[in-house]
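Since the structure comes first, as structure tokens, the remarks are kept for the end.
The values are calculated or read from the model by the stated rules, or taken from the named source; none is laboratory data. Computed from a predicted structure; not experimentally measured. Note that we place each Cβ from the backbone using ideal geometry, even for glycine, and neighbour counts take in every protein chain shown. Side chains are part of the model used for accessible areas, which takes the heavy atoms of the whole protein and leaves out ligands, DNA and RNA. Shrake-Rupley method; radii C 1.70, N 1.55, O 1.52, S 1.80 Å.
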Amino acid sequence: MRKRVDPTLRAPSSGLTPIKALHSLTRSPLPPLRGFPAHSLSAPAGKLNYRVGVWGSDEESESSNYRELANLVLTVEEEAATGSLDLAEFFLFTDNSTAESAFYKGSSSSKKLHGLILRLRRLEMRHGLILHVVHVSGKHTIAQGTDGCSRGVLLQGVMVGDDMLSFVDLGRSDAVERSPTLLPWIQSWCLNSTIQPLTPDDWFETGHGITDGGNNNKRGIWIPTHEPPGNTHLWTPPPAAADAALEQLLQARHKRTDTSHIIATPRLLAPR
């Protein structure tokens, strides 16, 4: 006699992957400590660490997404093994958008990519590391020198002495500074043809429609003067502070629905 099988039951498949990942992340006998970065990591003056190599035959058939992310994972693992990443904040720049997306999503439909992401997350927990994976354009990596280095060309960007931090522009003031033609273009279609970007100080008052001056009400409470309805404000925060600017913009919009806002910021640190 055949054994009856419940038609509602399904064989386990990829659904076990998150469970295995959770088991891997929680198998430590004690909860890992997480704190604020205790130090910054920098190379000695005039010293640059780099490596050049080729993939072995066992990895040649893998996708470019896998090879590029695996290279980043190996780099972080080697650096962490020296102890220099303990309680550190580490910025990892790549021109592979899949690597950035998979890291912040926390998983991937590809088992091999998922395994690489899991290795990075384990490093974060084991070393108290705060890791940022930042996607940058291919032109950026060419100018910085990493693209050429991967091809054996050692005569570009930091490889010839350019300052590494000059290519890490997450705090560069705003999009208008990066692209001189951006502001005239916005002014060409904006209702306010003389609109200017808000400064960081303006995010907390002018962006909320608060102008200079004010008066005490009948209870003696000072009430600021607000701009007339229908104004437009331009927000151009640097990528590293875009989340703070967006928080203020949302508060301003919630309080004054009769004011319009334009925001322009480079596509860096996008997952934040």
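A few remarks follow.
- Based on alpha-carbon atoms, the Kirkwood radius and the radius of gyration of segment 65-149 give Rg/Rh equal to 0.96.
- Nearby lysines by direct alpha-carbon distance to residue 47 (threshold 26 angstrom, same-chain neighbours under 8 apart not counted): 139
- Dipole check for the chain: with +1 at the C-beta of Lys and Arg, -1 at the C-beta of Asp and Glu, and the Cα centre as origin, the magnitude is about 1580 Debye.
- Ranking 238, 223, 203 by how far each Cα lies toward the positive end of the dipole of segment 199-272 (charges on Cβ) leaves 223 at the top.
- Helix-only [θ]222 nm of the chain, DSSP H runs n ≥ 4, -39500 (n - 2.57) each, per residue, nearest 500: -10000 deg cm²/dmol
- Inter-part distance, segment 154-205 to segment 59-121, computed on C-alpha centroids, equals 29 Å.
- Surface accessible to a 1.4 Å probe, per residue, for the residues of the chain, Å²: 65 Å²
- Partners of residue 112 within straight-line reach, counting lysines whose Cα lies under 20 Å from its Cα and excluding those fewer than 8 residues away in the same chain: 20.
- For segment 175-214, the residues whose amide N sits under 13 Å from a probe point set 7 Å from the Cα of residue 247 along the beta carbon direction are 204.
- Accessible carbon and sulfur surface of the chain relative to its total accessible area, %, 1.4 Å: 56 percent
- When Rg and Dmax are taken over the Cα atoms of segment 110-154, they come to 14.5, 36 Å.
- The chain: radius of gyration and largest Cα-Cα distance (Dmax), Å: 25.0, 90
- For segment 149-199, alpha-carbon Rg over 2.2 N^0.38 Å: 1.78
- Our summary gives the chain a relative contact order of 15 percent, counting only alpha carbon pairs under 8 angstrom and 6 or more residues apart.
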